[in-house]
Every structure is written in structure tokens, then in C-alpha cells.
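Remarks on the structure that follows.
The values are calculated or read from the model by the stated rules, or taken from the named source; none is laboratory data. It should be emphasised that the depicted structure is a prediction, and the values quoted were computed from it without experimental measurement. In this analysis, Cβ positions are derived from the backbone assuming ideal geometry, glycine residues included, and neighbour counts consider all displayed protein chains.
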Amino acid sequence: MILLHIISDDEEQAIEIANFLIDKDLILDATLLEKVSIRKKINNQIESMNKTLIMGKTKAILFDVINELLKEKYKENMLVIYSLPIVFMDWEESKELANEVAKA
């Protein structure tokens, strides 16, 4: 099991993605967080950008499926996508994840 992280520049796009993945049974649920991302550009200027982080629990085997679907759907505005392993989880939620998320 993994915690999927998807970072979007657009809040509406993030909501659309969360709804899409839940509707397709690819994630169990979604949490959206609005964040400010700060980084140094090539010319040493500091820039800040508003980002929305989508977090959703899913099966590790579905990562490539989700990644390909999002690449296809948002090729003009590709997202940052990565995952973190879930090492421990409440047994009831683990069973729900196993039963409610799509089979690969």
C-alpha cells in the first residue's frame, strides 16, 4: 500500500483529479492541501507558487496505471506524482483499501 502524492498548479484541476481517481476506484479517498512552494530559479531569484497537494491511499501495483492515465489526460499540464510506502495501517482501513480499490 502507498500514499500517492500528486502536486498540481491549479486547485480546480486537483479537485477534478481527486474525483476522477475516486470515481475509477483507483484511490480509497483524497485529501487536498493548498500549499505555497518556494524554490530558487536558475538566476538565483526566489520564486513562490501556489500548489495543491492531493494525497490518496491506494495499492502500489496501481501506481503505473494512475501515472499513465494522468499523463494521458493532462499531457499539456503534467503533474508531479510520486508515492510513499505505507508501513503500518489500521487493520480495518487496510481491509477497506483491499476491498474498495480496483484490482490490477
When you go through 92, 47, 96, 100 one by one, which is the residue that is farther than 21 Å from residue 15 by Cβ and touching a residue at least 60 places away in the same chain (Cβ under 8 Å)? 96
Reported set for segment 6-53 where residues are surrounded by fewer than 16 Cβ atoms within 10 Å (Cβ to Cβ), charged (D, E, K, R) and not in a loop (DSSP other than H, G, I, E, B) is 11, 12, 16, 23, 34, 35, 39, 40, 47
Looking only at residues that are among the charged types (D, E, K, R), modelled with pLDDT under 85 and assigned to a helix (DSSP H, G or I) in segment 55-104, which one is surrounded by the fewest Cβ atoms within 10 Å (Cβ to Cβ)? 76
Confirm whether residue 101 is of a type in the set (Val, Ile, Thr) and more than 13 Å from the chain's Cα centre (by Cα). yes
